[in-house]
1. Evaluate E = 1/(1 + (r/R0)^6) for residue 46 and residue 293, where r is the Cβ-Cβ distance and R0 equals 51 Å; express this FRET efficiency to the nearest 0.05.
2. Test of understanding: what is the full-extension gain from residue 4 to residue 350, defined as 0.36 nm times their sequence separation minus their Cα-Cα distance?
3. Under a plain spin-label model, where a point goes 7 Å from the Cα along Cα-to-Cβ, how far apart in nm are residue 169 and residue 35?
4. Cα atoms only, region 96-157: Rg and Dmax in Å?
5. When the label point is put 7 Å from the Cα of residue 111 along its Cα-to-beta-carbon vector, which residues of region 269-284 have a backbone N closer than 14 Å?
6. Based on the Cα gyration tensor of region 3-144, what are the three equivalent ellipsoid semi-axes, each the root of five times an eigenvalue, rounded to whole Å and given largest first?
7. Using the alpha-carbon centroid of each, what span in Å lies between region 24-87 and region 243-282?
8. Full extension from residue 338 to residue 11: what is 0.36 nm times the residue separation minus their Cα-Cα distance, to one decimal in nm?
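Every number in this text was worked out from the coordinates using simple rules, so none of it is lab data. None of the values given here were measured: they were computed from a predicted structure. Using ideal geometry, Cβ is built from the backbone for each residue, glycine included, and neighbour counts are taken over all protein chains shown.
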Ligand code: AOF
Ligand code: ZN
């Protein structure tokens, strides 16, 4: 097994970024073993379209097809065995007579779950699993969380002052992070299926939750807000019908324009119900942008996967002694720290 080829397959997989959800990102490299020549490469470009293996096979020149029995397909995920929007990749690899298949991760999708490997083995193809599996899990953290925990991957994002404040007194909005950080957040928004804010933030910040500061970043995500008793003004930017918006509440279930009101049971905890509904809607990832109450309720429920914290050099305590709202306490393990303009971005993972 050659790690370099799997590294290449992982790199190819990332080319599907922004278009794959709710599928995983998958890459495939086909290598002729005796000559170590790459015969084909492919990746899953877009949800609903051809899988990585098919694209890799399609890229093999007709005169090279005879070399496939002496070749290895390096695939970042177990080849599928089911008929979904696409025919099974395992069948294609068998039909083309590929000699060996090396994979990074097993497919957690219950429709596949080991049957892809079984099909290949039954056809006499050598299968090897787990090459660079940690890298593969990191690449598709959203997909694995979605499949294994049956809820979207949750990123909690906030900006805090150097003295630990997230907002002014009573949640009054204060610009804490710098312009580069704001642009970066708009880019992140395009990468995720949904962006969420709480009732207070919707009211006080009146956010639009789109990607306007980063033209070309990609699609605008679905917006999510909790408004238990439907007290928010329908004139807020969130309800301007420019993007799909989900409003979770206790009072009604209906769709008006691009806004869908989803009724929750007031007798049950809100977040698990909301996440179960997002799972049904196949929303694979959510970026939670505040405010403090909402962020803290995700933290208290242990329902999060990443914390992304911007720390700015500004101070609030000095100018408004004791009059600010404190940021949540970080948890998990620090996995990266980098400067973004004058701010410092730290990412923590569970
Ligand atoms: C692969 N190669 O490149 C991808 C796979 O509806 P479909 O047919 O697109 O199937 C989607 C499922 O197939 C998805 O949930 C995951 O289990 C697997 N994705 N499998 O062999 C690929 N993208
Ligand atoms: Zn497939």
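1. Working: r = 37 Å, r/R0 = 0.73.
The formula returns an efficiency of 0.85 here.
2. On the way: separation 346, 0.36 × 346 = 124.56 nm, distance 2.87 nm.
This chain segment gains 121.7 nm when fully extended.
3. 7.7
4. In order Rg, Dmax, the Cα atoms of region 96-157 give 14.1, 48 Å.
5. 282
6. Details: eigenvalues 87, 51, 42 Å².
Listed largest to smallest, the semi-axes of region 3-144 are 21, 16, 14 Å.
7. 40
8. Working: separation 327, 0.36 × 327 = 117.72 nm, distance 2.23 nm.
Residue separation times 0.36 nm, minus the Cα-Cα distance, leaves 115.5 nm.
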